[in-house]
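Right, one structure below, let's go through it.
The values are calculated or read from the model by the stated rules, or taken from the named source; none is laboratory data. Small disclaimer: the values here were computed from a predicted structure and weren't measured. Because the Cβ atoms are built from the backbone with ideal geometry, glycine has one as well, and the counts that use them run over all protein chains shown.
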Amino acid sequence: MNPSVQGQLGLILHAHLPYVRHPEHPRFFEETWLFEAITECYLPLVWRCDAWTRDALPWRLSLTLTPTLCAMLGDPFLEQRYLRHLDSLIELGGKELDRIALDPVLRPLAESAVRHLQQCRATEHPGRWILERFRVHSDAGNLEILGCAGTHALLPLLVSEPASLRAQLEVGCASHEQWFGRIPRGFWLPECGWTPELEGPLLDLGVEWIVLESHGVLDGTPTPHTAVFRPVRTPGGLVAVGRDPASARQVWSRSGGYPGDPRYREFHRDLGHDAEWDYVRPHLSTGRRTFTGFKYHRITGVDVPAESKQPYLPAEAANAVSEHAAHFVSERLRMSRKVGAVMGGTPLLVAPYDAELFGHWWHEGPDFLDQVIRRTCEPGSGLELVIPGRLAGGAAMSMPAASTWGEGGHLAVWLDESNTWMQTPLRRAGWAMRSLADRYSGRPVGAVVDRALRQAGRELLLAQSSDWPFLVRMRTAGDYPAVRIRTHLERFHALSEALSDSDSERMETDSEFETRLSEWESMSPIFPWLDWRVWRSRGE
């Protein structure tokens with residue numbers, strides 16, 4: 001290590017979206033979650049990674065690309081829908097340039113938005129290109145792509161179901177290997193959900209390190225003397241790193257965090273909500289008012305009503321980015337010096353965030369991240385960018401405590417009175433899937449039965465996503481999350497009953513069943529290589 005380095009900074013971005021794909025509809029509102037993230041987050045991040053490499057910076061970054069996100073980015077069907085989405089927004093941009101042609105403040109904002117959309121549109125096969133570029137940076141050693149559970153299930157809720165837990169982990173690692181050519185060394189626990197029972201299953205898959213919320217490390221047994229400022233190692237050898245609370249507050253805090261600065265662009269004021277309905281309707285998915293990305297106002301103030309927001313001034317926002325990036329880096333250095341003086345070594349500051357914060361929720365976030373990387377890479381900055389899990393040498397022995405990064409730090413978000421109804425049917429489906437795998441393992445299986453077992457596994461995995469109970473509790477997505485869980489469980493039970501009650505040979509020639517199966521496969525073709533035998537009992 002360079003003796004001038006006084007602190008190590010581990011930046012971690014968690015890129016994840018639930019699997020949303022609806023070919024049964026010409027356009028579908030929730031598919032725009034992916035389209036917005038590609039345009040505002042993932043492409044800008046790739047472009048910056050390319051620039052850091054081009055400029056020969058010693059950059060390091062950890063990034064989760066979850067299996068559901070990879071499946072959507074690599075899906076030609078969704079890619080074509082995304083391109084049509086861009087074409088529609090570019091058309092809307094042309095209308096805007098005509099509408100505000102004489103406005104010296106708003107027209108440059110519309111021009112900038114159109115240029116960005118055109119740049120996105122110029123990328124051939126954008127979803128697959130994103131995955132390929134991230135793999136290039138991973139192979140070069142600058143980027144470590146973390147693995148994740150198959151459909152982002154909250155793993156502590158599955159420890160009593162070994163088959164379901166194993167399926168989530170093995171499917172997640174197999175997906176990672178498919179897209180990136182290797183089993184992941186680092187693993188992002190969905191919602192940072194940890195319990196000591198996960199140690200063995202993770203180690204069995206070759207996982208070396210994980211990321212935890214602060215109290216997961218601080219409340220470990222024994223209490224690590226280095227707190228969250230160095231990795232810890234479990235008795236079995238799994239390395240864990242804990243989030244630096246100060247880094248989190250400065251970026252995430254609603255009251256004091258950087259994204260709330262009044263100079264930044266206001267997320268909620270958008271042409272899709274402000275314009276006359278007939279003007280924007282052709283450009284909005286499913287005819288519902290939503291965001292277009294054409295936003296002309298700045299935050300102005302947290303207590304300022306929407307109608308009083310002032311026009312966005314990019315130069316002022318750029319000044320804010322510069323100030324905040326400088327402050328973030330200087331605070332990490334100050335903290336490193338303070339902790340290092342007490343600890344007697346070089347501290348590690350782990351800063352994990354949802355990737356979608358940078359560009360979607362916080363328009364200037366990619367520029368902030370770019371400046372943080374560049375400032376940290378400057379000679380004599382006193383900080384070194386690192387992949388946290390690679391710093392396991394000398395890690396204190398400690399078993400981290402059960403924890404999540406959800407509100408309250410434990411499982412309450414996903415076991416709220418609004419969503420606990422999901423748990424019993426999910427458990428029953430998990431047990432039923434294990435029974436099916438046990439029944440059909442070790443005997444010849446026809447093509448249709450094999451397909452039905454694989455599709456049953458897909459439906460169960462998709463129902464287990466942590467996103468659905470979270471969104472139900474947050475009440476931000478209407479009825480859609482509850483409908484998704486119920487739909488996947490209904491399909492699973494239809495398949496399970498057919499597989500349990502029917503003569504398997506007769507199923508091979510049942511055209512009505514095969515037609516229904518084909519329909520469900522076309523709706524949820526995730527993990528086409530899925531092996532349903534992963535659910536079979538293994539002495540549990």
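Miscellaneous remarks
- Scoring SER175 on the criteria (1) within 16 Å of the chain's Cα centre (by Cα); (2) not in a helix (DSSP H, G or I) leaves a single failure, condition (2).
- Matching entry among ILE100, ILE145, ILE90, ILE130 (being in contact with a helix residue (DSSP H, G or I) (Cβ under 6 Å, 6 or more places away or on another chain) and free of Cβ contacts under 8 Å to residues at least 24 places away in the same chain): ILE100
- Failed criterion for VAL280 (all others in (1) in a loop (DSSP other than H, G, I, E, B); (2) buried (at least 19 other Cβ atoms within 10 Å of the Cβ); (3) of a type in the set (A, V, I, L, M, F, W, C) hold): (1)
- The single residue among VAL114, VAL46 that is on the phi < 0 side of the Ramachandran plot, β-branched (Val, Ile, Thr) and touching a residue at least 40 places away in the same chain (Cβ under 8 Å) turns out to be VAL46.
- With respect to being more than 20 Å from the chain's Cα centre (by Cα) and either surrounded by 22 or more Cβ atoms within 10 Å (Cβ to Cβ) or on the phi > 0 side of the Ramachandran plot (or both), GLY127 falls outside the description.
- Extreme residue, surrounded by the most Cβ atoms within 10 Å (Cβ to Cβ), among residues of the range 166-192 that are in contact with a Pro (Cβ under 6 Å, 6 or more places away or on another chain) and not hydroxyl-bearing (Ser, Thr, Tyr): GLY172
- Close pairs (8 angstrom Cβ cut-off, 6 or more residues apart or separate chains): assigned by TED's automatic domain parsing to the domain that holds ALA320 and part of a loop (DSSP other than H, G, I, E, B) in the range 357-374, surrounded by 21 or more Cβ atoms within 10 Å (Cβ to Cβ) and of a type in the set (Ser, Thr, Tyr) anywhere: HIS363/TYR264; GLU364/TYR264
For (1) basic (Lys, Arg); (2) over 24 Å from ALA149 (Cβ atoms); (3) in the same structural domain as LEU86 (by TED's automatic domain parsing); (4) not in a helix (DSSP H, G or I), each residue gets a yes or a no:
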| position | (1), (2), (3), (4) |
| --- | --- |
| SER4 | no, yes, no, yes |
| ARG21 | yes, no, yes, yes |
| ARG27 | yes, yes, yes, yes |
| THR32 | no, yes, yes, no |
| THR39 | no, yes, yes, no |
| TYR42 | no, no, yes, no |
| ALA51 | no, yes, yes, no |
| LEU57 | no, yes, yes, yes |
| LEU69 | no, no, yes, no |
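- TRP188 being within 24 Å of MET72 (Cα to Cα) and of a type in the set (A, V, I, L, M, F, W, C): yes
- Taken over the range 178-194, residues that are in contact (Cβ under 8 Å) with a residue 24 or more places away in the chain, assigned to a loop (DSSP other than H, G, I, E, B) and closer than 24 Å to LEU385 by Cα amount to 4.
- Pairs with Cβ under 9 Å, 6+ apart, first in the range 411-432 and under 22 Å from GLU497 (Cα atoms) and small (Gly, Ala, Ser), second surrounded by fewer than 20 Cβ atoms within 10 Å (Cβ to Cβ) and modelled with pLDDT under 95: ALA432/SER500
- Qualifying residue in the range 285-303 (condition: in a strand (DSSP E or B), free of Cβ contacts under 8 Å to residues at least 60 places away in the same chain, in the same structural domain as ALA227 (by TED's automatic domain parsing) and closer than 23 Å to SER112 by Cβ): yes
- Pairs meeting the criteria (first residue in the range 197-224 and in contact (Cβ under 8 Å) with a residue 24 or more places away in the chain, second residue charged (D, E, K, R) and buried (at least 18 other Cβ atoms within 10 Å of the Cβ), beta carbons under 6 Å, at least 6 apart or on different chains) are GLU213/ARG243; SER214/ARG243.
- Selection within the range 206-249 - under 21 Å from the mean Cα position of the chain (by Cα), part of a loop (DSSP other than H, G, I, E, B) and closer than 19 Å to VAL342 by Cβ: ASP244
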